[in-house]
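> The structure is given below, and queries will be raised subsequently.
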Amino acid sequence: MKRPYFVTHLAKDLRLEWRSKDAINSMLFFALLVVVLFSLAFDPTRESSRQIAGGILCVATMFASVSALNQAWARELRHHVLDAQRMTPAPAASLFLGKVLANFLFVTVVELILTPVFIIFYNLHALGNGWLLALVLPLGTWALVANGTFFAGLSIRTRNRELLLPLILFPLFIPALLAMVLGASAILTGESDPGLWIKLLAGYDVIYTTICLLLFEIVLHAE
């Protein structure tokens, strides 16, 4: 039975990352650096640290992900791989979906490694329903990598793509970032119900993922 095209793209990216580990290593180093620096800037034993911890984790993930998003498409420029993919009969949406899933897995691995370190440095335990973090973080991560993969592909042939991607991505990601931060803070502090922020993240993911899937063929075949 022939496997779907996006699975082929996903397997290729996972194989390349397994061999090089460039994306995960760069993200992990940057995210750990941010967590350590903020733990030195703020007293982790104070109650106020619980209120800012969710924001620090989300922002650290956001900035760390940019390097991986740029590397994902930079690999395709080598040996004209991207040009070859443009000539294949596979739909452009399958290439986009494979890239998004690969980047989502990379960022999730970094979050799984970062979260225990984060809990230790900030002496955290959730006062709300801690299991809801398993919804907030993946939904926010998907919003980041779906938009990031799309705009990284859009800016891949520009001269200053490392600078252009954050300039385009961060303003559009602000609603999801706010929902991610406020949802995580509500869970950690137990002061409010994070249900509204989870619904906002889910709606954001559905809308932007659909738009990116529909428009990516134009981006892929653009000169």
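> Using the structure shown, decide if V181 is open to solvent by less than 50 Å² (accessible area, probe 1.4 Å) and either within 15 Å of the chain's Cα centre (by Cα) or at pLDDT 90 or above (or both).
For V181, the condition - open to solvent by less than 50 Å² (accessible area, probe 1.4 Å) and either within 15 Å of the chain's Cα centre (by Cα) or at pLDDT 90 or above (or both) - is met.
> Which helices (runs of 4 or more DSSP H) does the range 55-168 wholly contain that include 3 or more residues that are closer than 20 Å to K21 by Cβ and open to solvent by 50 Å² or more (accessible area, probe 1.4 Å)?
Those helices (runs of 4 or more DSSP H) span 92-122.
> Does I168 satisfy the criteria of being under 21 Å from A102 (Cβ atoms), modelled with pLDDT of 85 or more and within 17 Å of the chain's Cα centre (by Cα)?
yes
> Sort through A11, A53 and tell me the only one that's out of contact with any strand residue (DSSP E or B) (no Cβ under 8 Å at 6 or more places or on another chain) and over 24 Å from L169 (Cα atoms). Walk me through how you get there before you give the answer.
Working: A53 fails: over 24 Å from L169 (Cα atoms).
That would be A11, the only listed residue that is out of contact with any strand residue (DSSP E or B) (no Cβ under 8 Å at 6 or more places or on another chain) and over 24 Å from L169 (Cα atoms).
> Could you look through the range 186-223, keep only residues that are within 20 Å of A53 (Cα to Cα) and under 17 Å from the mean Cα position of the chain (by Cα), and pick out the one that is most open to solvent (accessible area, probe 1.4 Å)?
Of everything passing the filter in the range 186-223, I198 is most open to solvent (accessible area, probe 1.4 Å).
> While we're on this one: Applying the selection to the range 21-33, what residues are open to solvent by 50 Å² or more (accessible area, probe 1.4 Å) and either part of a helix (DSSP H, G or I) or of a type in the set (S, T, N, Q) (or both)?
Keep residues of the range 21-33 that are open to solvent by 50 Å² or more (accessible area, probe 1.4 Å), which gives 21-22, 25, 29-30, 32-33.
Answer for the range 21-33, where residues must be open to solvent by 50 Å² or more (accessible area, probe 1.4 Å) and either part of a helix (DSSP H, G or I) or of a type in the set (S, T, N, Q) (or both): D22, N25, F29, F30, L32, L33.
> Residue pairs, Cβ under 9 Å, 6 or more apart or interchain, first in the range 202-223 and more than 19 Å from A90 (Cβ to Cβ), second open to solvent by 50 Å² or more (accessible area, probe 1.4 Å). List them.
Close Cβ pairs satisfying both conditions: A202/L135; Y204/P175; Y208/L172; E223/R157.
The values are calculated or read from the model by the stated rules, or taken from the named source; none is laboratory data. Given the structure is predicted, the values throughout are model-derived calculations rather than measurements. With ideal geometry, Cβ positions are generated from the backbone for all residues, glycine too; neighbour counts draw on all protein chains shown. For accessibility, only protein heavy atoms count, side chains too; no ligands or nucleic acids. Shrake-Rupley method; radii C 1.70, N 1.55, O 1.52, S 1.80 Å.
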